[in-house]
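A.B. asks: There's a structure below that I have some questions on.
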Amino acid sequence: MEPIILASGSKRRQEYFRLLGLPFSIIAPEIDEESGLTGNPREAAENLAILKVRKIIEYLKGRNPPWICGADTLIALDGAIYGKPSNRDHAKEMLRSLQGREHQVITAVALYSAKANIIDCRPVISEVAFCPLTEDQIEWYLGTGEWQGVAGSYRIQGLGSCLISGIRGSYSSIVGLPMHEFYVMLRENGYPFGYPE
């Protein structure tokens with residue numbers, strides 16, 4: 001299989017690539033995420049995923065790796081985008097607004113094929129329901145530190161799962177990479193993965 005550049009520093013996405021047995025290297029692009037948060041939440045997630053791929057293409061300056069994958073995960077509640085919290089107080093504010101409600105988790109995956117010279121980008125939208133939380137529960141969770149560096153201030157694959165009463169959609173997408181959709185993207189774009197034709 002041809003190597004894929006994963007345009008992400010996310011440990012979860014790296015774990016999924018290892019699980020799939022894909023040969024990959026990591027180049028985490030430096031981007032201004034705030035500048036990509038334009039349009040509705042779905043468009044913003046797509047913009048950021050594509051921006052990550054384009055940054056790697058630009059960074060490698062014509063060396064043209066055969067495949068690049070970028071992804072971005074955003075939280076949306078009532079049309080507002082919840083990115084990564086800037087500090088503990090910001091995280092507390094996010095958790096207060098999410099508690100007792102259902103919100104969307106949008107993960108967009110962008111796959112660049114050098115052979116076709118295209119970026120295929122697909123968003124996956126899932127729903128996550130938070131249980132009602134007391135101030136003490138919010139303070140407990142903030143004390144775990146899991147809120148740092150993640151959209152919406154919680155990690156569903158960690159202790160954040162204690163705060164969640166249900167999900168509809170793709171668990172792997174909520175974690176950061178929609179496995180089924182990514183598998184379909186690879187095959188539809190000509191990457192030789194999975195069962196033979």
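The values are calculated or read from the model by the stated rules, or taken from the named source; none is laboratory data. Predicted model, so just to flag it, every value in this text is computed and none were measured. With ideal geometry, Cβ positions are generated from the backbone for all residues, glycine too; neighbour counts draw on all protein chains shown.
A.B. asks: Could you check K61 against (1) at pLDDT 95 or above; (2) within 30 Å of A7 (Cβ to Cβ); (3) not small (G, A, S) and say which number it fails?
C.D. replies: Status for K61: all satisfied but (1).
A.B. asks: Continuing with this model, one more query. Got at least one residue in the range 56-68 being part of a loop (DSSP other than H, G, I, E, B) and under 21 Å from I164 (Cβ atoms)?
C.D. replies: No, because not a single residue in the range 56-68 is part of a loop (DSSP other than H, G, I, E, B) and under 21 Å from I164 (Cβ atoms).
A.B. asks: Just one of A49, A71 is part of a helix (DSSP H, G or I), hydrophobic (A, V, I, L, M, F, W, C), surrounded by 15 or more Cβ atoms within 10 Å (Cβ to Cβ) and under 20 Å from the mean Cα position of the chain (by Cα); which is it?
C.D. replies: A49
A.B. asks: Restricting the first residue to the range 53-64 and requiring it to be closer than 16 Å to S8 by Cβ, which pairs with a second residue that is modelled with pLDDT under 90 and of a type in the set (D, E) meet a Cβ separation below 9 Å and a spacing of at least six or different chains?
C.D. replies: Once the first residue is closer than 16 Å to S8 by Cβ and sits in the range 53-64, its partners that are modelled with pLDDT under 90 and of a type in the set (D, E) give K55/E30.
A.B. asks: Quick one: which residue in I138, I106, I164, I119 is without any contact (Cβ under 8 Å) to a residue 60 or more places away in the chain, of a type in the set (V, I, T) and touching a helix residue (DSSP H, G or I) at 6+ places or on another chain (Cβ under 8 Å)?
C.D. replies: The match here is I138.
A.B. asks: Separate question: Do we find that K61 is in contact with a strand residue (DSSP E or B) (Cβ under 9 Å, 6 or more places away or on another chain) and not hydrophobic (A, V, I, L, M, F, W, C) in this structure?
C.D. replies: Taking the combined requirement at face value, the residue does not satisfy it.
A.B. asks: Sticking with this one: Might you check whether a residue that is over 29 Å from I50 (Cβ atoms), hydroxyl-bearing (S, T, Y), out of contact with any Pro (no Cβ under 7 Å at 6 or more places or on another chain) and crowded, with 16+ Cβ neighbours inside 10 Å occurs anywhere in the range 120-130?
C.D. replies: No - not one qualifying residue is present in the range 120-130.
A.B. asks: If you scan the range 157-172, which residues turn out to be surrounded by 15 or more Cβ atoms within 10 Å (Cβ to Cβ) and closer than 15 Å to A76 by Cβ?
C.D. replies: I167, G169
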